[in-house]
1. What's the Kirkwood radius of the stretch C:756-799 in Å, using all Cα pairs?
2. Compute the projected area of the convex hull of the Cα atoms of the stretch A:175-278, averaged over all viewing directions, and report it in nm² to one decimal place.
3. Which of C:25/C:685; A:182/C:420; A:182/C:29; A:181/C:440; C:66/C:94; A:186/C:693 have a Cα-Cα distance over 29 Å?
4. Could you order the peptides C:243-254, C:80-91 from most to least packed, using the average number of other C-beta atoms within 10 Å per residue?
5. Karplus couplings for the stretch C:375-389 from phi (6.51 cos²θ - 1.76 cosθ + 1.60, θ = phi - 60°), rounded to Hz, Gly and Pro as x?
6. Average partner chain C-beta neighbours within 10 Å, per residue of B:28-40?
7. Using unit Cβ charges (K, R positive; D, E negative) and no other charged atoms, how large, in debye to the nearest 20, is the dipole of the stretch B:1-120 about its Cα centre?
8. Taking a label point 7 Å from the Cα of residue C:37 along the Cα→Cβ vector, which residues of the stretch C:261-298 have an amide N closer than 16 Å to it?
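What follows is calculated from the coordinates using simple rules that are stated; it is not laboratory data. Computed from a prediction, not measured in an experiment: that's the story for all the values here. Cβ placement follows ideal geometry from the backbone for every residue including glycine, while neighbour counts extend to all protein chains displayed.
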Amino acid sequence: MNHFDYFKPQSLEEVWDLGKKFPGAQYIAGGTDLMVKIKNRTIMPQTLISLRSVSGLPGIEIGEKVRIGALTTITDLIEHQELGRIFPVLVQAAKRIGSPQIRNVGTVGGNLCNCSPCADTALALLILDARVVLRNSRGSREIALEEFFIGPGESCLRSGELMTEIRLDKPASKARAIFMKKGRVKMDLAVASVGVLLEMEGDTCKKARFAAGSVAPVPLRLKKVEALFKNAVISKEIIQEAQKIAVNSISPISDIRSSADYRHEIVGVYVKRAVEKLLGNE
Amino acid sequence: MKKQINFVLNGFEVAVAVEAHQRLIDVLRGSLGHTGTKEGCGEGECGACTVIVDGRAINSCLYPALEAEGKSITTIEGLRSIDNRLSVIQQAFVERGGIQCGFCTPGMIMSTKALLDQNPDPTEEEIRDALVGNLCRCTGYVQIIESVKSAAEKLKG
Amino acid sequence: MVKGKPSTDFLYIGKEISRPEAPDKAAGKALYIHDLQRPGMLYGKIKFSDHAHARILHIDTSRAEKLPGVKAVITAYNTPEVRIGFLRDNFALKKGKVRQFRDEVAAVAAIDPGIATEAIELIKVEYEPLPGVFSPAHAAKEGAPLVHETDPQGQPRVDNRVPLRFFHESGDLDAGKKMARYVVEGEYSTQWVQQTCMGTAGCIAEFDMNSNLTIWAKTQIPFLAQRDFNDALSAMGLQGKNSRVIVPVLGGGFGTGLDTHAYEYIAILLAFRTGKPVKIVYTRDEEFANLSPRQSSQTKILQGCDENGKLTFRHVEVVQDNGAYTSWGATYPSVMMLPATSLYKVNNVYFNADLYYTNNTYSQAMRGYGNPEHTWALENNIDELAEKAGIDPFEFRMINCNEPGEITPMNLKVSTCGLKECLETVAAKLDWKNSHSQGKCRGVGMASLFHVGGGGRIYRSDGSGLILKLDDFGNVYAYYGGVEMGQGLHSVLSLGIAESLGVRPGKVFINQTDTGTCPWDVGTHASRGAFMACNAAIKAAKDLREKIFSGAEELFPEGVAKNLKKFQEKNPGYQPPDFDIKKAATRDRFDLKDGYVFIKDAPKEPWLCMELGSLLRAMHFRDQGTMLGTQVFYDPPNELPDWNKGKGNISATYAYGTQGVEVEVDTETGEVKILRMVAAHDVGKVLNPQALKGQIYGALAQGIGYALYEEVRSQNGRIMNPNFRDYKIPTIQEMDFPIDLEFIETNDSYGPFGAKGVGEPGLVPTAPAIANAIYNAVGIRIRDLPVTPGKILSALKSKTPVEQ
């Protein structure tokens, strides 16, 4: 068993102090990803700094803007009534993460910082144009979630930086979104997943967001599909074209879970079905 | 180096010395001698290690022991009543065939308790959602669902 | 739910009674191998190979030995050679070369598991990699690398063939082929799947100071294990010393405990080296990577029927990947022969199996033991043949349906057979004619099974012993060598004892399975548990009742006289009826029911019976007193087949069943949604409805995983998915469709209370039923398990479009 030191700072100042004392220390939130990596000796940290007791990190604030504390558990996010009313797709995606046991301790921030191309909430947050706030002892910065993911397991977090919150603008009232995930069984990492947000005015699409998961090194915005939809009158042909573009935009690999070919198929089918569902003509 | 933590276990205050790298399951099964909670995979996939912390079902194989400080934790041992009788949920599993080899049972029952404490009248879909993180290789789950439904009926009065 | 002859008035058999050990399991009190501790116990860990095939050049254990807390480090080079496996081609620790990633190269015993793990990492092994073979096709090629250069006798090998023969030929195959109007040939394959017991494998080995071994083992064969471990003790220089095998509560079995394992011998070697108890328990990833899975298979079937749909011949060839060593996977063809020769009537049968060593993992028993593998091929092929002949698949099966009293080509003597009722039940419940033609990507399929139901003689004895001991209080203590692994054996045994003896189930206590106290039993496999246990119980109860009634002859009259006195004190004025008790008190007129001894034809007065305990105390506490007990050995009327000829009535009776499935296929994603399942099983007699249903539901779930997504993925000998993240078994969400169970009671004369074995049949026909349903739904047939959405989608794309 890997032996490590474990600290539970109560404030960010304490976090920075510990970071100075133990360079190379890793942050741990819910631990549902990290503890597995430690058990498998994928990583072997000497020191863990727990963020669970740091004040101000969990919590959801709904005002002009919406702020979700990074240490908010997935369950707390799902159970937040008002958040669910404003962003049903976020709750829809969050419900597909693991099991109740995982969701009860896993956190929104932790899920994102794990940088898995499969991350379910990442897709929902991408199509909601989420931004994230990153802090270290020297200050903070806010970036689009899109820019946060660099590669599988790799984010743009600098040394000592942690994610403190996720920021969202309330969507337009006409916006509707959907998240679809394919696993080998119901509780599974995604073989492929798709998130779509459409803001329609009659037959015309005013705003479109498309994202795909498990089919690229990072959760991927499908910008070419979005460009196709913007200000377009949505027809069967446009949807077929969107499928083609989506399939060509992704670069899935064949791995233990699925083949690249199959992932291509699923993304195409899900893009079509997601749009049809949102437009009410399934 | 060991650190002392204090928490409430099955209604009683406990103080136990733990190593920083230990998981809650190590402490429960080790120094606290509560072997009812089982380790089936160590990766949070099978749910055999499920216990309830502050009302929520969690995988004790992924839960750092030091995080137990100040919490209220319930394990399968906490469900028995003082006169050595089984709780309603446990009795329902016994009566409805929800138990075969029994290895998944403590975790399955704890997830059931967490569900019924929050939602006393679950639909079958809600029962499936609540127990999706508890794997069973013996029963095919049908009699487990019947056990949960029976327990819910009895608890409602 | 239950069709057939009505139940006679059994008190406990057939009733909903919960398991006696369930309360302890519900309370978390049951002690599995993981929970057991022995004073001074050390923890063992094994170092496995880094290569699929390599020479061992050097093992450096020096750093591991120096680690504080490490008490012993062993390799094949500092321990006596211990050969294992029924072909003796395996070793507890490997010397000279490694033949698979699972090879045990070294082992450590330390004061805690963490130190043991660290020590393993400090052991450095130098290898010279060798080219490997990873498929039977490659292994069979001339000039392929040899997995074993010599045989167990030291003679050089010339190829990778495993020296086992499974061959059957009956009737006249050429004539059969000539008579066939329609013939279908197909090649089918099945994958490795893991048993994935929730409780992983493990043991604790401990020597006493007389060098006798006690081993707590996760085993289904305590007595054969005792024999194996005694052989190991001899190899260790401990000739004449004994092993005692104790079976703790098992976290599942499914066949994993039917062989002894290298880790058990390693624990024994470590326990002897250190003089301390040593526990080895596999973590989940160790279990996935190193515990033998279900055998994979490749089957070629050629089957033909005449213009009326009657089968005229069946030609079967099986090839198996034996892996690097031989365990029970190698004997699956013996069970395959059962459906191959005897499922549906066919007179002219050819069966042959070839096995090849490779550098892949090797396989052991798993529920069904070759039957699911063969039925996969057979029942797919039957549907294909029916289609060619233009006959509905249900009708085709009815045309060729087996009947009671048959003697099959394998010389299996079929006593009862409920196959016809099973087929009809499934067809009716699925509304077959309409469902089979519903279109819209929905379809139904069915498949049947034929399996042993009355033991399976694969060893010199198929017997089962039982000891019953009575105490002064009318309690019955049972010592039985069969193993409870969650299937409900102890439950059914206590009911069988209660019913046949005449006491309440609550007075029956089943002791722990222990070779030191229980009589011999060959092992809990082949669905034999309930059949053997209850037959033994009936035999034992008969003997005990004779002894009880013999004692009652003398002691009953004075016993009831005392009762009468007490009764009259409470009821003054009561006049007892005119009945000569002393005269009536003869052994043939007594009965024992519900714990009370009484005279069968005596007046029903409340004092005119004797509580069993009271009678037993009277027998005990007198001059020349006696205590009662009995020991019996039930050996069923079956025979050990000749596997070179494929003939021999291996079981006392046979189980039949049919399963049906309705599916909907999403043609854009290839996903298969199961809409409902129907399972009709000929069980002889329902002994314990709750346990029986549980067995079928559990087996169906395993059958679904087998059919649709379970697969041990191996690449050049390395298992790529050794965890639950990437080896998916059904969760509660996957079993979200209605399941209709029907039990056909054919009341078999060899079966205890009429019952047949039922532990395995539940998953035998599930996969082909699903495949047949998929074909009915969308017109494609995947012949290689598992039938994944990816395979379905590829097949749909390459097929010409079908009218929806």
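1. One decimal place: 11.6 Å for the Kirkwood radius.
2. Details: hull surface 24.0 nm².
Result: a mean projected hull area of 6.0 nm².
3. Table pairs above 29 Å Cα-Cα are A:182/C:420; A:182/C:29.
4. C:243-254, C:80-91
5. 5, 4, 5, 4, 6, 5, 5, 4, 4, 5, 5, 4, 5, 4, 7
6. If you average over the peptide's residues, the count of other-chain Cβ atoms is 4.
7. 140 debye
8. C:277-280
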